[in-house]
1. Looking at A81, A85, A106 in this structure, which one is assigned by TED's automatic domain parsing to the domain that holds I29, in a helix (DSSP H, G or I) and touching a Gly at 6+ places or on another chain (Cβ under 9 Å)?
2. When you scan region 59-91, how many residues do you find that are crowded, with 22+ Cβ neighbours inside 10 Å and under 19 Å from L22 (Cα atoms)?
3. For S56, work out the one condition from (1) under 22 Å from E99 (Cα atoms); (2) assigned to a loop (DSSP other than H, G, I, E, B) it doesn't fulfil.
4. Quickly run through region 111-163 and pick out the residues that are among the charged types (D, E, K, R) and part of a helix (DSSP H, G or I).
5. Does T54 meet the test of being polar (S, T, N, Q) and crowded, with 17+ Cβ neighbours inside 10 Å?
6. Using the structure shown, decide if D148 is among the acidic types (D, E) and within 12 Å of I16 (Cα to Cα).
7. From the list L76, L68, which residue is part of a helix (DSSP H, G or I) and not aromatic (F, W, Y)?
8. Please work out which one of (1) in contact (Cβ under 8 Å) with a residue 40 or more places away in the chain; (2) more than 24 Å from I58 (Cβ to Cβ) is the condition L139 fails and give its number.
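The values are calculated or read from the model by the stated rules, or taken from the named source; none is laboratory data. On a predicted model such as this, the values are computed, not experimentally measured, just so you know. Note that we place each Cβ from the backbone using ideal geometry, even for glycine, and neighbour counts take in every protein chain shown.
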Amino acid sequence: MIVVSNTSPIFYLSTIGHLDLLRQLYDEIVIPTTVFNEITNVGNTDASARIVPTLSWIKTQSATDQELVNTLRAELDPGEAEAIALAVELNADRLLMDERLGRAAAMRAGLQVTGVLGILIAAKRNNLIQEVKPLLDALIEQVGFWIDARLYAEVLQAVGESA
């Protein structure tokens with residue numbers, strides 16, 4: 001399975017101490033060079049900046065279709081644009097991305113997109129975590145992850161938990 005990730009799922013999960021869920025769910029993740037640079041940017045003190053360069057299951061690869069990258073950059077940030085372009089080039093089975101505009105562009109390109117909420121749901125369904133709620137609350141409290149109250153309840157309901 002080929003899985004490409006944007007910065008946000010890696011950042012969110014590493015911040016709450018659950019980055020390994022990606023390895024457990026997908027074995028290997030490919031990130032574009034731009035995303036690697038965003039994560040490891042000098043001065044970045046987030047956990048992901050220290051952890052990602054040491055992980056053998058996160059591979060870095062550049063998108064080669066610069067025309068597509070540039071077209072996407074007209075509406076998206078550089079990491080999102082290159083992640084979508086790389087996912088298209090690799091014919092990826094899944095793209096991990098949370099940003100609304102990026103997700104919409106990825107879906108228009110025919111990609112299957114999963115965000116951090118979908119990752120948590122999959123982790124629970126695969127018995128990798130016992131509960132989603134504590135991790136969802138950690139995302140909100142530690143990362144400032146914004147989630148509508150209705151979606152929060154829907155996510156918990158999807159995995160048989162209550163708010």
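1. Just a single option satisfies the conditions, and that option is A81.
2. Residues flagged as crowded, with 22+ Cβ neighbours inside 10 Å and under 19 Å from L22 (Cα atoms) within region 59-91 amount to 6.
3. Against the list (1) under 22 Å from E99 (Cα atoms); (2) assigned to a loop (DSSP other than H, G, I, E, B), S56 comes up short only on (1).
4. K124, R125, K133, D137, E141, R150, E154
5. Answer is no for this residue.
6. The answer is no for D148.
7. So the residue among L76, L68 that is part of a helix (DSSP H, G or I) and not aromatic (F, W, Y) is L68.
8. Unmet for L139, out of (1) in contact (Cβ under 8 Å) with a residue 40 or more places away in the chain; (2) more than 24 Å from I58 (Cβ to Cβ): (2).
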